[in-house]
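The values are calculated or read from the model by the stated rules, or taken from the named source; none is laboratory data. Keep in mind it's a predicted model, so treat the numbers as computed, not measured. Neighbour counts are summed over all protein chains in view; Cβ atoms, including those assigned to glycine, are modelled from backbone coordinates with ideal geometry. For accessibility, only protein heavy atoms count, side chains too; no ligands or nucleic acids. Shrake-Rupley method; radii C 1.70, N 1.55, O 1.52, S 1.80 Å.
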Amino acid sequence: MDLTLKIWRQKNATSKGKFVTYKVNGISPNSSFLEMMDILNESLVVKGEDPVAFDHDCREGICGACSMYINGRPHGPDKAITTCQLHMRRFKDGDTIVIEPWRARPFPVLKDLIVDRTAFDKIIQAGGYISVNTGGIPDANAIPIPRANAELSMDAAACIGCGACVAACKNASAMLFVSAKVSQFALLPQGKPEAAERVQAMVAEMDRLGFGNCTNTGACEAECPKEISISNIARMNREFLSAKIGSQIPKEQAGGGA
């Protein structure tokens, strides 16, 4: 296939970016999208030009690093995949493909298609964990967990933090990501002791970093490569409300004593 690529080029975080048009020829329909980008970069290097910078790591749909906005959709036209799992057979000979970085204030562009997603790391550091004493490994069946809860928790834990939910949301909301990280613990007994502190700290950090409010349009779920359900957002809201109400109850009324 012969293709026209319109790619966002930006030298660094402080430079003004612009779209640059490139031509690539003889692309196999069986190539992955990132392989096509590699072919482009090889040709640019041969010409003595600066290759297009983009994030990638596992190329197996696991790490979430390959974040690109392709023809107006995070990760491209396929459903439930990351960019590295997208193949060129989803395009036609002669197509023009527009490639951009994520567009969100908390994800500033570092160079070309690479954005700084450490905002997600900061949200996790605020409370996306459980505190446990180190020592011997407990028996796997020591704490009974209903199968439904275990499966819902694993579904939430499948979130890879790629940021597609933020890119898809017109308000750049991180609610789907945060709710997934809250839900994976909220559904399990191990997450109960710190549940109130966790949800309040993570939501507060999300707001502090400048992510927008949830739009309730479901765009995040539609574009999520791991198909994380927006039901997690409802669960997080319940957890947050419960934590807020609980924090306002005097200790003597809550059974904590005088």
* Asked: Quick one: G94 ticks every box in (1) surrounded by 11 or more Cβ atoms within 10 Å (Cβ to Cβ); (2) at positive phi; (3) not assigned by TED's automatic domain parsing to the domain that holds L176 bar one, so which box is it?
  -> (1)
* Go through (1) more than 27 Å from D57 (Cα to Cα); (2) in contact with a Ser or Thr (Cβ under 8 Å, 6 or more places away or on another chain); (3) not basic (K, R) one by one and return the number of the condition A156 breaks. => (1)
* Asked: Give me the pairs: first residue in region 61-87 and in contact (Cβ under 8 Å) with a residue 24 or more places away in the chain, second residue open to solvent by less than 40 Å² (accessible area, probe 1.4 Å) and among the aromatic types (F, W, Y), beta-carbon distance under 6 Å, and six or more apart or on different chains, which are they?
  -> S67/W102; T83/F33; L86/F33
* For region 138-151, indicate whether the set of residues that are in a helix (DSSP H, G or I) and surrounded by 15 or more Cβ atoms within 10 Å (Cβ to Cβ) is non-empty. => no
* Asked: Pairs under 8 Å by beta carbon, first residue under 16 Å from A219 (Cα atoms) and in contact (Cβ under 8 Å) with a residue 24 or more places away in the chain in region 155-178, partner surrounded by 24 or more Cβ atoms within 10 Å (Cβ to Cβ) and basic (K, R), six or more apart or different chains?
  -> C159/K181
* Structure fact -> Subset of region 190-204, residues touching a helix residue (DSSP H, G or I) at 6+ places or on another chain (Cβ under 9 Å) and either open to solvent by 30 Å² or more (accessible area, probe 1.4 Å) or under 15 Å from A167 (Cα atoms) (or both), comes to K192, E194, A196, E197, Q200, A201, A204
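When you go through K181, K111, K122 one by one, which is the residue that is within 16 Å of C220 (Cα to Cα) and among the basic types (K, R)?
Numbers: K111 fails: within 16 Å of C220 (Cα to Cα); K122 fails: within 16 Å of C220 (Cα to Cα).
One residue alone meets the criteria, K181.
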* To do: Would you be able to tell me the number of residues in region 33-57 that are in contact with a Cys (Cβ under 8 Å, 6 or more places away or on another chain) and open to solvent by less than 40 Å² (accessible area, probe 1.4 Å)?
  => 3
* Structure fact -> Exactly one of I81, I62 is under 18 Å from E227 (Cα atoms), open to solvent by 50 Å² or more (accessible area, probe 1.4 Å) and of a type outside the set (K, R), and that one is I62
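Of the residues in region 97-108, how many are under 20 Å from G218 (Cα atoms) and open to solvent by 10 Å² or more (accessible area, probe 1.4 Å)? It would help to see each step written out before you state the result.
So in region 97-108, the residues under 20 Å from G218 (Cα atoms) come out as 102-104.
Among the residues that remain, those that are also open to solvent by 10 Å² or more (accessible area, probe 1.4 Å) are: 103-104.
Final tally of qualifying residues: 2.
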* Asked: T96: touching a Ser or Thr at 6+ places or on another chain (Cβ under 7 Å) and either within 24 Å of A13 (Cα to Cα) or in contact (Cβ under 8 Å) with a residue 40 or more places away in the chain (or both), yes or no?
  -> yes
* Identify all residues within region 56-84 that are touching a strand residue (DSSP E or B) at 6+ places or on another chain (Cβ under 8 Å) and over 20 Å from A219 (Cβ atoms); write none if there are none. => R59, C84
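Do we find a residue being closer than 13 Å to F107 by Cα and assigned by TED's automatic domain parsing to the domain that holds K122 anywhere in region 153-160? Give the steps one after another, and end with the answer.
First pass over region 153-160, keeping only residues closer than 13 Å to F107 by Cα: none.
No: region 153-160 contains no residue that is closer than 13 Å to F107 by Cα and assigned by TED's automatic domain parsing to the domain that holds K122.
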